[in-house]
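Enquirer: Just dropping this structure here.
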Amino acid sequence: MSGESAEHIRLVEYLIQIVEARHKTARGIMIFADHHDYAGNRPPMIGGFKPDVFAHDLPPSFRIIGEAKTAKDFEEERSRRQIQAFLEHLALYPNSSFYLAVPWFVKPKANYAIKELRQSEHTNVRIEVVTVMG
């Protein structure tokens, strides 16, 4: 996470909050994040990319990947490849979710990109584009 912009860090923190609030279970949840507060708990590489947030319950019955993109990051082809790799991975697991955190003004583009990238094998993956104001 070193060298990340303050905006990107804020988006990652928002993803962590969403995952904790929406997916916490009585058995517990393991959250791995590319964030300074998670120094020893970094997400695994998936399809050659490291997501910003990776989580599962205990014992694992679902998986969650969260990716934060600033407006500038979102324009890069690498972002599309990342999202595709994460959706491919999550499609292998039941009850999986993908969260894409972007600034509010990028949401229409993000929704369109997800629509283009989503394939029939991804239909079991819950996908949501979430935004942070400011």
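Enquirer: If we keep just the residues of segment 116-134 that are charged (D, E, K, R) and at pLDDT 95 or above, which is least open to solvent (accessible area, probe 1.4 Å)?
Expert: Step one: of segment 116-134, the residues charged (D, E, K, R) are 116, 118, 121, 126, 128.
Next, only the ones that are at pLDDT 95 or above stay: 126, 128.
Values: 126: 107, 128: 49 Å².
It comes out as 128.
Enquirer: Is at least one residue of segment 81-95 open to solvent by less than 60 Å² (accessible area, probe 1.4 Å) and of a type in the set (Ser, Thr, Tyr)? Step through it out loud before you land on a result.
Expert: First, the residues of segment 81-95 that are open to solvent by less than 60 Å² (accessible area, probe 1.4 Å): 82-87, 89-91.
Subsequent filtering for residues that are of a type in the set (Ser, Thr, Tyr) retains none.
Scanning segment 81-95, I find no residue that is open to solvent by less than 60 Å² (accessible area, probe 1.4 Å) and of a type in the set (Ser, Thr, Tyr), so the answer is no.
Enquirer: From 88, 67, grab the single residue that is in contact with a Gly (Cβ under 8 Å, 6 or more places away or on another chain) and either more than 24 Å from residue 20 (Cα to Cα) or charged (D, E, K, R) (or both).
Expert: On the way: 67 fails: in contact with a Gly (Cβ under 8 Å, 6 or more places away or on another chain).
When all the criteria are applied, what remains is 88.
Enquirer: Determine which member of the set 106, 19 is touching a helix residue (DSSP H, G or I) at 6+ places or on another chain (Cβ under 8 Å) and either of a type in the set (A, V, I, L, M) or closer than 20 Å to residue 129 by Cβ (or both). Quick ask: steps written out before the conclusion?
Expert: Working: 19 fails: touching a helix residue (DSSP H, G or I) at 6+ places or on another chain (Cβ under 8 Å).
Result: 106 is the single residue among 106, 19 that is touching a helix residue (DSSP H, G or I) at 6+ places or on another chain (Cβ under 8 Å) and either of a type in the set (A, V, I, L, M) or closer than 20 Å to residue 129 by Cβ (or both).
Enquirer: Any chance you could count how many residues in segment 19-53 are among the hydrophobic types (A, V, I, L, M, F, W, C), over 15 Å from residue 64 (Cβ atoms) and not in a loop (DSSP other than H, G, I, E, B)?
Expert: Let us first name the residues in segment 19-53 that are among the hydrophobic types (A, V, I, L, M, F, W, C), namely 19, 21, 26, 29-33, 39, 45-46, 49, 53.
Now narrow it down to the ones that are over 15 Å from residue 64 (Cβ atoms): 26, 39, 45, 49.
Right, trim to not in a loop (DSSP other than H, G, I, E, B) and you get 49.
Residues that pass the stated criteria total 1.
Enquirer: So residue 108 fits all but one of (1) modelled with pLDDT of 95 or more; (2) in a helix (DSSP H, G or I); (3) under 15 Å from the mean Cα position of the chain (by Cα); what number is the exception?
Expert: (3)
Enquirer: Then there is this: Name the residues in segment 39-64 that are open to solvent by less than 50 Å² (accessible area, probe 1.4 Å) and touching a helix residue (DSSP H, G or I) at 6+ places or on another chain (Cβ under 8 Å), would you?
Expert: 46, 49, 51, 52, 53, 55, 57, 62, 64 - these are the residues of segment 39-64 that are open to solvent by less than 50 Å² (accessible area, probe 1.4 Å) and touching a helix residue (DSSP H, G or I) at 6+ places or on another chain (Cβ under 8 Å).
The values are calculated or read from the model by the stated rules, or taken from the named source; none is laboratory data. Just so it is clear, the model here is predicted, and its values are computed rather than measured. Glycine gets a Cβ as well: all are built from the backbone with ideal geometry, and neighbour counts include every protein chain shown. What goes into the accessible areas is simple: the full protein's heavy atoms, side chains included, and nothing from ligands, DNA or RNA. Shrake-Rupley method; radii C 1.70, N 1.55, O 1.52, S 1.80 Å.
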